[in-house]
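Some notes on the structure that comes next.
The values are calculated or read from the model by the stated rules, or taken from the named source; none is laboratory data. Just so it is clear, the structure is predicted and the values come from calculations on it, not from any experiment. Note: ideal-geometry Cβ built from the backbone for every residue, glycine included; neighbour counts use all protein chains shown. Heavy atoms of the whole protein, side chains included, go into the accessibility calculation; ligands, DNA and RNA do not. Shrake-Rupley method; radii C 1.70, N 1.55, O 1.52, S 1.80 Å.
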Amino acid sequence: DKAPCRRTSSSSSSALHDVSTDKAPFFATTKEEQSTTTTTTSINDTLQIPLSYNEMITQTSLAMTQALSAGKTRQIVRVLLPRDAANDNFGIFQEAEVADKLQSSNSKALNIADATKLVPTDESWQGGIMQLYRAASPTTKDILRSLCPTMTQTGVPPKIVEDRTIDESGVDGVGLMYTQIGKGGGDEVKGEEDEEGGNMFSGAFGFGQSVSLPTLSGDDMCVFVQPNQEVVDSIETLSASAGSSPLIALINPQWRDVDDALDSASKNDNVFGAFASFLGGKGSSLRKLDALGYEVTYVLEGYVCKGGNIRLLKRFDSDWIAFAENDAGDAWVKVGQQANRPTYQDVEKFLDDKGVGYKYARDLGMAPKL
């Protein structure tokens, strides 16, 4: 259980492709139970925390592709975002834009392992939601390119359209991206702020403006980037009009996985729940997405527990797995897993059960190193 995740010569994708060849446990009672048990167990055993941006893109696109093959065309994905590796001094220096390091039409062509690090979407981002969007935009494009069949088969990237008009205010950090396979002309951006200093609320952005949603073919893919509850109606409209075949995904939704009091109240299907949803609870939005068939297919997120970095990893066909960063900062140690998303208290218990002390105690030699 405590084997650390280190960079190896074989990729995580090859490990996951080999899952189906594992033997089923003899104690399973039916072939279906054997297959399900073996697959979940094998996936849990092979999952590792990606140690670089490129590894994360590969792992994310692999999970989404395999989920799509399993008939899951409405997906929810949460990933870490790339950040300039020099930006460790929060509040001291002005942050550089990581997007400057991801300018290639395919970021995998760049050696960006030393230039960026993967960071949770938390309050440490000085620029707030718009800085997050500027990191999420190139990340989403790389995921779409990896997913595209033409990229896989021929190496030719698809045309990707980035539509910012779905963000009515222009500052909510929401975007819509979709592929247009078979169409030339290079990538396109709609509704971007005037680079010459024009008013960001004029032209494409306008409160109450009707958003023009794309028409998707069966091979096209569409992603809502950092959607908030205000665009759930647009998600519902596009999901209904596109049919069941095109992939539509939500990447890094702005609502949290965990519930506060308002979120919990809004999940009640009564007048009180409707009022809580009106005040901002996410219950009504989640019910709409559930009805449309949206489900989690890949999650990589993190926070700090007992002073150390924690990562939670989940695929559509795996349990939730918790990893802790070792004290050298070069590997991740698996500390626990369970079927439901672990709470902070669950992760703390994982660490206690493994004998992992507080980070400051480990640094001072008062507790064993991890």
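Before moving on, here are some points about what is shown:
- Computed label-point distance, nm, for sites ASN340 and LEU364 using a 7 Å Cα→Cβ extension: 3.6 nm
- Probe 1.4 Å, protein heavy atoms only - accessible area per residue of the stretch 133-173 in square angstrom: 31 Å²
- Unsatisfied cross-links (Cα-Cα over 30 Å) in the set LYS141/LYS349; LYS72/LYS306; LYS117/LYS183; LYS117/LYS314; LYS190/LYS314: LYS141/LYS349; LYS72/LYS306; LYS117/LYS183; LYS190/LYS314
- Built amide H within the under 5 Å cut-off of THR116, gap 5+: ALA85
- Taking θ as phi - 60° and the Karplus parameters 6.51, -1.76 and 1.60, the scalar couplings of the stretch 171-180 work out to 10, 8, x, 10, x, 10, 10, 8, 8, 10 Hz in sequence order, x denoting glycine and proline.
- Between THR46 and ASP327, the modelled label-to-label distance comes to 3.4 nm, taking each label 7 Å out from Cα in the direction of the beta carbon.
- Taking amide H as placed 1.01 Å from N in the peptide plane, ASP319 has its amide H under 5 Å from the amide H of ASN44, each at least 5 places away in sequence or on another chain.
- The mean accessible area for residues of the stretch 278-370, using a 1.4 Å probe and ignoring ligands and nucleic acids, is 45 Å² per residue.
- Distant-in-sequence amide H partners of LEU292 (H built 1.01 Å from N, under 5 Å): none
- Computed lengthening from ASP219 to THR154, 0.36 nm per intervening residue step minus Cα-Cα distance: 21.9 nm
- Ranked by the mean number of other Cβ atoms within 10 Å of their residues, highest first, the peptides 324-330, 137-143 fall in the order 137-143, 324-330.
- Gain upon complete extension [LYS349, SER69; 0.36 nm per residue less C-alpha separation]: 97.2 nm
- Residues GLU295 and GLU188, FRET efficiency given R0 of 35 Å [Cβ-Cβ distance, rounded to 0.05]: 0.70
- Förster radius 35 Å - calculated FRET efficiency between SER124 and THR39 (Cβ-Cβ, nearest 0.05): 0.45
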